[in-house]
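Chemist: This is the structure I want to talk about, given as structure tokens.
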Amino acid sequence: MPTGMAVVDRERCKGCGLCIAACPFGVLAFSEDYNSSGYTVVAMAHPERCTGCTLCAQTCPDVAIEVYREQAVTGGPVAGSKKRITGSRKPQ
């Protein structure tokens with residue numbers, strides 16, 4: 001099974017929970033932390049379950065999630081590297 005990683009931008013997350021509901025594997029949950037705006041943020045509660053399917057990132061209305069999926073790299077110096085496959089960062 002492929003492995004993935006969902007990275008939540010704590011400052012963009014407004015704690016709506018849509019990503020939690022969208023995840024078919026129960027990877028995400030509300031954390032006990034708050035961002036600087038006072039919102040409860042989402043975090044990976046079960047990272048071992050993440051397949052990198054991107055449903056959480058596609059559902060997030062605040063574009064607060066980037067998803068990485070482990071990808072075997074052949075013919076190169078780095079094996080098993082993670083590659084970003086969706087999401088975006090706030091413009092700098």
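The values are calculated or read from the model by the stated rules, or taken from the named source; none is laboratory data. What you see is a predicted model, and the numbers here were worked out from it, not measured in a lab. With ideal geometry, Cβ positions are generated from the backbone for all residues, glycine too; neighbour counts draw on all protein chains shown.
Chemist: In the range 64-82, is there at least one residue being at pLDDT below 95, among the small types (Gly, Ala, Ser), closer than 15 Å to CYS19 by Cα and part of a loop (DSSP other than H, G, I, E, B)?
Modeler: no
Chemist: Among the residues of the range 18-44, what is the count of those that are surrounded by fewer than 14 Cβ atoms within 10 Å (Cβ to Cβ) and either out of contact with any helix residue (DSSP H, G or I) (no Cβ under 8 Å at 6 or more places or on another chain) or modelled with pLDDT under 95 (or both)?
Modeler: Number of matching residues: 6.
Chemist: Across the range 47-68, what is the total count of residues that are touching a strand residue (DSSP E or B) at 6+ places or on another chain (Cβ under 9 Å), surrounded by fewer than 19 Cβ atoms within 10 Å (Cβ to Cβ) and within 11 Å of LEU28 (Cα to Cα)?
Modeler: Selection size over the range 47-68: 1.
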